[in-house]
Amino acid sequence: MAVTESPEPFHRARRLMWWLAGLGSFAVLAKSGLMGAASFLIGALIGILSFQLTRRLVMGIGADGGIRPAPWKLLLLGLRYLLVGAILYAMMLLFGLDILASLCGLLIPFSAVLLESLYELIHGTRNSNHPPV
């Protein structure tokens, strides 16, 4: 069975991620300075990249004629939290990364998807092909 998805909500969520990352970086810059803003932006970029990779993997599963993901890609997907933790820890030791700002940046995809879900709850029934529940 193929996974189908309307591209519009995904594109809206992706735009929200970039807007939230930019606005959050400016807010952290005003509060904590350049190192805090850089830490937040690094966390946001890692979170957005993880979201994109997960979406590509999920959309590829079960697609008609789709290629099964390579085992090493599945291993990387499973170990991504360990990899993210190791990368952030190394950056904290080497560059003095603000770990709390980075962790807040990692939450950007979650907040963007939450905002997109709220948008769909409010405006989504106008465009759907099914009767309201």
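None of the figures in this text is laboratory data; all of them are computed from the coordinates on show. Fair warning: this is a prediction, and the values are worked out from it, not measured in the lab. Cβ atoms come from the backbone with ideal geometry, glycine included; neighbour counts cover every protein chain shown.
The residues packed around L107, meaning those with a beta-carbon under 15 Å from its beta-carbon, carry a net charge of -2 if Lys and Arg are +1 and Asp and Glu are -1. The Cβ shell under 13 Å around M17 holds other residues with a net charge of +3, Lys and Arg each +1, Asp and Glu each -1.
3J(HN,Hα) couplings calculated from phi for region 26-42 with the Karplus curve 6.51 cos²θ - 1.76 cosθ + 1.60 (θ = phi - 60°) are, in sequence order, 5, 5, 5, 4, 5, 8, 10, x, 5, 5, x, 5, 5, 5, 4, 5, 5 Hz; Gly and Pro show x. Amide H to amide H, with H built 1.01 Å from N, L97 comes under 5 Å of M92, counting only residues 5 or more places away or on other chains.
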